[in-house]
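Input: a single structure, listed below in structure tokens.
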Amino acid sequence: MSRAPSSVPKAPLALLRGPLRDLANRALKGSDAPIAQERIWIDPRNLTRIYTRNAAQTPDFKRRHSGMVIEGDWDRNTEPTDLSWKVAACLAHFRDGKSWEETGIYDRMQAMIAERGPFDSCRSLADIIARYQKIDALYSDIRDNDYRDDTVPSRTGPRLPEGVFVHIDRNGDPIFGAIGNHRVGIARALGLTRIPAQLGVVHPDALASNALAQYRDAPA
């Protein structure tokens, strides 16, 4: 994992939302500027790095920051996506055939509940088991019916209110934003090569090289 700076800047306040953010971005960055909740296309195989979404180490970027252009070294704070315990559990379960219990996900979830209280809407082992039964159903649905695109058309561009969250670094490369772990694990287990994702934050150097173009309206 990259070494965190000695002074961690906080994630900026998301003062402008939706169309107002879009207008501000366009005024400052031009017609190719990102939009809030923008739908982009990502190859899950390229999500090899996950953002260290830890307020003690990095700015804590969440969905409310979608479409913001943020400078600094935030994009250097990553680790291999395979170190995400949720992604790793999905690969072990769906690709390698282990039971959920064998992946260690039940123990990890129970530890998180003991440490933090309700976690991922779970309060007990029964809740955890029910949650992962839903993840099994999600896997079956994606396997049988393909990955659903919930894009909402808008005047300024396609928006994806939820879904896998992806930042764009200074080199124009994607960084998994640590939201949508199970979907990333399922997509990788199924060998999918193209899924819709919600744009996270963008480094200004990526805009300078027009890097967003490769993620917009990519051919199937």
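What follows draws every value from the coordinates through simple rules; no lab data is involved. Bear in mind the structure is a predicted one, so any value in this text is a computation, not a measurement. Don't worry about glycine lacking a Cβ; one is built from the backbone with ideal geometry, like all the others, and counts go over all protein chains shown.
At an R0 of 41 angstrom, the distance between the Cβ atoms of Asp127 and Arg64 translates into a FRET efficiency of 0.95.
With 20 Å as the limit on Cα-Cα distance, the pairs of Lys29/Lys62; Lys86/Lys134; Lys62/Lys86 that go past it are Lys29/Lys62.
Residues of the chain were split at every exposed loop site, defined as trypsin sites (Lys or Arg not before Pro) in a DSSP loop with at most 16 other C-beta atoms within 10 angstrom, and the longest piece left, sites excluded, is 18-61.
For the chain, the antiparallel share of DSSP beta bridges with both residues in that region comes to about 70%.
As a length-normalised measure over Cα pairs under 8 Å and 6 or more apart, the relative contact order of the chain settles at 32 percent. For Lys134 and Gln214, the FRET efficiency from 1/(1 + (r/R0)^6), where r spans their Cβ atoms and R0 equals 35 Å, is about 0.60.
In summary, the helical segments of the chain meeting the span-like criteria, namely a full DSSP H run, a Cα extent along the axis of 20 angstrom or more and a mean Kyte-Doolittle hydropathy of at least -1.0, are 125-145. Residues of the chain were split at every exposed loop site, defined as GluC sites (Glu not before Pro) in a DSSP loop with at most 14 other C-beta atoms within 10 angstrom, and the longest piece left, sites excluded, is 72-161.
Counting only the Cα atoms, the chain fills a convex hull of 129 Å³ per residue. With r defined as the distance between the Cβ atoms of Leu23 and Arg45 and R0 fixed at 45 Å, what FRET efficiency is calculated, to the nearest 0.05? Plugging the Cβ-Cβ distance into 1/(1 + (r/R0)^6) gives 0.80.
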